[in-house]
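S.K.: What follows is a structure written as structure tokens; I'll ask about it next.
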Amino acid sequence: MDPGIKVLIVMLALTSLLTSAAGYTQEALGIVVASRGDANVISNGENKPLRQGDFIYLNDRIEVSNRSFAVLQFMDGAKVTLRPETSLLIEQYLFTGGDEDTATLSLTSGGIRVNVGAIANNHPENYTIRTPFTVLRIDGLEGSLTLCDNSLCDQQGLVEVKD
């Protein structure tokens, strides 16, 4: 396992212990490894600046403005880069190392690049990206997607999920 991923997992475990001790019930899903410019997170109805080192949680909406970006590292090792003018909701995320592992990211504007982690490697059908137009999954080790107006204007390494 990559040493950086080991450090992330230890940090998330410690954070979970600390937040539990402080009376919080939600566990961190990952961490912000980079954030530049005007990036915010809407979490539990509160809008606050997104900074390197911040933890990310289920149902967080990350919003990145023009000339800004953010990079998120999830517990399973997946790395998601948010491009300028992006809004991304962490809709679903469960990582236990088993068959029930699942992740759903909802991209409503802008673009992302995903380098897969354990969930997409082991269960690619369980790692999906929702857009206003379609649902996609990664076909390989990485994928990128950009939304323009009312369509997908750039898509690489992703395939549409069929019902």
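All of the numbers you see were taken from the coordinates with simple rules; none came from a lab. Quick caveat, the model's predicted, so the values are computed rather than measured. Cβ coordinates were reconstructed from backbone atoms using ideal geometry, including for glycine residues, and neighbour counts include every protein chain displayed.
S.K.: Taking 0.36 nm per residue of separation and subtracting the Cα-Cα distance, what length does fully extending Arg61 through Val135 add? Show your work: numbers first, answer last.
M.R.: On the way: separation 74, 0.36 × 74 = 26.64 nm, distance 1.81 nm.
Separation in residues times 0.36 nm, less the Cα-Cα distance, equals 24.8 nm.
S.K.: What are the ³J(HN,Hα) values, in whole Hz, obtained from phi via the Karplus relation 6.51 cos²θ - 1.76 cosθ + 1.60 with θ = phi - 60°, for each residue of the range 68-76 in sequence order, with x given for Gly and Pro?
M.R.: 9, 7, 8, 10, 10, 10, 8, 4, 7
S.K.: Extension gain Gln26-Lys48, at 0.36 nm per residue separation less the Cα-Cα distance, in nm? All intermediate terms of the calculation are to be shown ahead of the outcome.
M.R.: On the way: separation 22, 0.36 × 22 = 7.92 nm, distance 1.77 nm.
So the extension gain works out to 6.2 nm.
S.K.: Moving on to the next point. Local charge sum around Ser87 (other residues, Cβ-Cβ under 15 Å, Lys/Arg +1, Asp/Glu -1)? Mind dumping the intermediate values first?
M.R.: Values: positive: Arg61, Arg83, Arg130; negative: Asp38, Asp60, Glu63, Glu85, Glu91, Asp149.
So the surrounding residues net to -3.
S.K.: Relative contact order for the range 39-163: what percent, with Cα pairs under 8 Å and sequence separation of 6 or more?
M.R.: On the way: 295 pairs, mean separation 20.9, N = 125.
In percent, rounded to a whole number, it is 17.
S.K.: Amide H of Asp54 versus every other amide H placed in the peptide plane: which residues, excluding those fewer than 5 positions away on the same chain, fall under 5 Å?
M.R.: It is Val32, by chain and number.
S.K.: Can you tally the net charge around Phe69? Count Lys and Arg as +1, Asp and Glu as -1, for every other residue whose Cβ sits under 11 Å from the Cβ of Phe69. Don't skip to the end; give the middle numbers.
M.R.: Numbers: positive: Arg36, Arg67, Arg83, Arg113; negative: Asp38, Glu85.
That works out to +2.
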